């Protein structure tokens, strides 16, 4: 008996069955990954503050000083690159540069990150312009049709808004949006601690730091394992 025709027929039937179970992809296809459906966009944003220089030891009014210090705090938390300080040309320009640059450095900003310059005052605006570049993260508005009954669906497709609110929450909560673009640079290595851990490891000793007696009663971690002792 020649079984070749039977095998061909069986193969053809399997193809037809497989084709009848598949769903054609269309323009409304959505991924099961919410991050793919609602990607987060990270973009640089220009932030600046204009404050008048009052001169003298005070330099600024109390209200302007609060605004300036808050602006510096935001730069330390979210700034990328240099902090620009541009003062109007004129006799007090040197004093203004010294005042604002020194105040910024006193908050812990590296002097190498402070970029000072002068500019021509336009329309009588003699305020000092302080600026920096920060990164912001945002996702497009969900804005899709919420009328689908997610408790009853025949095609079992991904809902249009799947993952949208999660993406918006991540964009709003991320401390540094640059972390969404890739890993940051590694911090300095504690070579002394590394050498200590390796020494304990080579001797077969416990490598973790010795806890103070006062901390043992309140620590959250589990007790050390007794395996191998």
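The values are calculated or read from the model by the stated rules, or taken from the named source; none is laboratory data. Just so we're clear, the structure is a prediction, and the values are computed from it rather than from any experiment. Reconstructed Cβ throughout: ideal geometry from the backbone, glycine too, with neighbour counts over all protein chains shown.
Quick look at the numbers
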quantity	calculated
Set 108, 124: member being touching a helix residue (DSSP H, G or I) at 6+ places or on another chain (Cβ under 9 Å), surrounded by fewer than 15 Cβ atoms within 10 Å (Cβ to Cβ) and over 30 Å from residue 166 (Cα atoms)	108
Top-ranked residue in the stretch 26-74 [being surrounded by 12 or more Cβ atoms within 10 Å (Cβ to Cβ) and on the phi > 0 side of the Ramachandran plot; ranked as farthest from the chain's Cα centre (by Cα)]	55
Inter-residue pairs, beta-carbon under 9 Å, first at positive phi and in the stretch 154-172, second crowded, with 16+ Cβ neighbours inside 10 Å and not in a helix (DSSP H, G or I), 6+ apart	163/38
Residue 86, sole failed condition from (1) surrounded by fewer than 17 Cβ atoms within 10 Å (Cβ to Cβ); (2) at pLDDT 90 or above; (3) in contact with a strand residue (DSSP E or B) (Cβ under 9 Å, 6 or more places away or on another chain)	(1)
